[in-house]
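Contents: one structure, followed by commentary.
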Amino acid sequence: MSVSAAIILAAGEGVRMHSRTPKVLHTFAGKTFLSRILSAVQGLKPGKIVVVVRHCGQQVADAARKQIPDVDIVQQDEIPGTGRAVQCAVTALGSDFIRSAQGPIVVTAADMPLLDTQTLSSLVSSHESQHNTATVLSMSLDQPFGYGRIVRANDGSFEKIVEERDADDSEKKITEVNTSVYAFDPHVLADSIAHLNANNDQKEFYLTDALAAARTSGHVGVCKAADTLTVSGVNDRIQLARLEKAYHLRICEKWMRAGVTIDDPATTWIDDDVVIGQDAEILPGCFLKGSTKIGEGAIIGPYSTITDTVIGEETRVDRAVIESSHIGARVDIGPWTHMRFASNFADDTKAGAFVETKNATVDHGTKVPHLIYVGDTHIGHDSNLGGGTITANWDGKNKLHTEIGSGVHIGAGNMIVAPVTIGDNVTTGAGAVVRHEVHDQSLVFSENTQHEVRNWIPRYERTNENWDFDKNMPRADEKSDQSSQSHKGE
Ligand code: UD1
Ligand code: CA
């Protein structure tokens, strides 16, 4: 049977995060808690997805709608508690929906970044195969502190859930806890939340009390989650860090099993949509983020951050930061290279040490080594840029394009002032300032006069003995035959 609706509880402030950002919009391995829970719930293909919001409600609602445009947003009122949140959601669904709903309603907290569709499906299967009226997803923890405990009757059946703050000493010893994920038959949900009260330490309406109430309608089941990581909640930043670390280790292990060498999993962070080819090697201190793809046999790191970028086979990336770019095969990058968005380097190219690139397309075999800036530029194949060269792409208002041909040899320290086009097979002299179009096969150089004043004495050391103040030149030169100054054009 299909799930008629899924209710996501996202109205809480997340007080224990001490943050200006609502808890559900904090990120976990590159995606927000909310985004993760929405994807997991979407996998169930429920008839409706309802997100209950209140704290920073507009912000949370906007984020939910961005991912699922037809999501139902329900505003929780001023009465606090997970039970109240569900009351608001059920009221919004309406009695007609509850009466005619064909499958269970799944309810879940939104502060469980690793909850997945598979775990939700196993809860729904267990709910249906046991013909329960309500089923709670539980887990067992060595340190259950903070969670609601699952209290079972003598025969082992579900009795109630007691929150940490309301538990007595013997209840606190229970290690089986509530994950805050449930499946309910729609009418049972509507009935069992109807009479909630706030007779507890937090003076809130607890959804957990609805489970005890549901026992009057039939069997309430407990479905134990196989994997505690998947159902761990995050209430504060310490839990966030611990869970994220455990998760990243798990991702590293997945890639190691698939044939990727990861030298130090403890310092390697790989987002979950990243794809890594066989025999790639990830050296310590790397962050592979977003939709990054690493080609087979590539060597990445140490200390590289690569975001939303494709890296080709056998490419070498050493201490680089690369964002939203496309890098071909056998490219040599680094060390200390910053490739900003749309840096598209073809196969067998190079971006050397202390090079910054942005919106730059570099064709096959071209080298951009040594302290260079290339922005808003296309460079043809088999060209080379001399060390210290800058494409001056900004006139103070607009970003301007530079076009450099193939087989071009740009000398060291060139200033290429956009908008400008340099043809194929051009050579430029060291220190050239290129402001105008250069035709194919040309040599370009700029007049750079070299001046030399011999026996130079700095102003603060000048005396009548060593300096002729009238001629404003060193006295040493008056005595010598050599010309005092030489001006050599280049
Ligand atoms: C809840 C459970 C606890 C369980 C734990 C698992 C209750 C009373 N307790 O406690 O048994 O072990 O989760 O992590 O349900 N929310 C609302 N509106 C509110 C309050 C909360 O929508 O008025 C939402 C929050 O945004 C959050 C979720 O409900 O996504 C859980 O709230 P939280 O305050 O974290 O509950 P816990 O104290 O963790
Ligand atoms: Ca929680």
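Please go through the range 333-356 and give me each residue that is polar (S, T, N, Q) and closer than 14 Å to R316 by Cβ, ordered by number.
Step one: filter the range 333-356 for residues polar (S, T, N, Q), giving 337, 343-344, 349.
Those that are polar (S, T, N, Q) and closer than 14 Å to R316 by Cβ: T337, T349.
Across the range 245-263, what is the number of residues that are of a type in the set (D, E, K, R), within 20 Å of the chain's Cα centre (by Cα) and under 19 Å from E296 (Cα atoms)? Explain how you work it out, then say what you get.
So the first thing to find is which residues in the range 245-263 are of a type in the set (D, E, K, R), and the list is 245, 250, 253-254, 257, 263.
Within this subset, residues satisfying the condition of being within 20 Å of the chain's Cα centre (by Cα) are 245, 250, 253-254.
Going one step further and asking which of them are under 19 Å from E296 (Cα atoms), we end up with 253-254.
Going through the range 245-263 one residue at a time, the tally reaches 2.
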**Report entry** Residue selected from the range 26-53 under the condition away from ligand 2 (no atom under 15 Å from the Cβ) and over 30 Å from H187 (Cβ atoms), by the criterion surrounded by the fewest Cβ atoms within 10 Å (Cβ to Cβ)
**Finding:** T27
Report summary line: Counted residues in the range 205-223 being out of contact with any helix residue (DSSP H, G or I) (no Cβ under 7 Å at 6 or more places or on another chain) and buried (at least 16 other Cβ atoms within 10 Å of the Cβ) come to 5
Query - Odd one out for I238 among (1) over 18 Å from the mean Cα position of the chain (by Cα); (2) within 16 Å of ligand 2 (Cβ to nearest atom); (3) surrounded by 13 or more Cβ atoms within 10 Å (Cβ to Cβ) - result: (3)
Query - T108 vs. criteria β-branched (V, I, T) and either within 11 Å of ligand 1 (Cβ to nearest atom) or without any contact (Cβ under 8 Å) to a residue 40 or more places away in the chain (or both) - result: yes
Report summary line: Of those in the range 1-19 that are more than 13 Å from ligand 1 (Cβ to nearest atom) and at pLDDT below 95, the residue nearest to V107 (Cα to Cα) is S2
Requested in this report: Quick one: which residue in N178, N197, N154 is out of contact with any Pro (no Cβ under 6 Å at 6 or more places or on another chain) and either within 16 Å of ligand 2 (Cβ to nearest atom) or in contact (Cβ under 8 Å) with a residue 40 or more places away in the chain (or both)?
Outcome: N178
Query raised in the report: Going through the range 105-125 one residue at a time, which ones are among the charged types (D, E, K, R) and within 16 Å of ligand 2 (Cβ to nearest atom)?
Result: D111
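Mind checking which residues of the range 76-104 are within 16 Å of ligand 2 (Cβ to nearest atom) and over 13 Å from A10 (Cβ atoms)? Can you show your working first?
Initially, the range 76-104 is screened for residues within 16 Å of ligand 2 (Cβ to nearest atom), giving 76, 80-86.
P80, G81, G83, R84 - these are the residues of the range 76-104 that are within 16 Å of ligand 2 (Cβ to nearest atom) and over 13 Å from A10 (Cβ atoms).
Looking at the range 324-339, is at least one residue more than 30 Å from S406 (Cβ to Cβ), without any contact (Cβ under 8 Å) to a residue 60 or more places away in the chain and either in the same structural domain as R36 (by TED's automatic domain parsing) or not polar (S, T, N, Q) (or both)? If you could, list the steps in order and put the result at the bottom.
Taking the range 324-339 and keeping what is more than 30 Å from S406 (Cβ to Cβ), we get none.
So far as the range 324-339 goes, no, none of its residues is more than 30 Å from S406 (Cβ to Cβ), without any contact (Cβ under 8 Å) to a residue 60 or more places away in the chain and either in the same structural domain as R36 (by TED's automatic domain parsing) or not polar (S, T, N, Q) (or both).
Run down G365, G411 and say which single residue is more than 29 Å from E313 (Cβ to Cβ) and in the same structural domain as H326 (by TED's automatic domain parsing). Spell out the reasoning first.
Working: G365 fails: more than 29 Å from E313 (Cβ to Cβ).
Unique residue meeting the criteria: G411.
The values are calculated or read from the model by the stated rules, or taken from the named source; none is laboratory data. Please read these numbers as outputs of a predicted model, since none were measured by experiment. Using ideal geometry, Cβ is built from the backbone for each residue, glycine included, and neighbour counts are taken over all protein chains shown.
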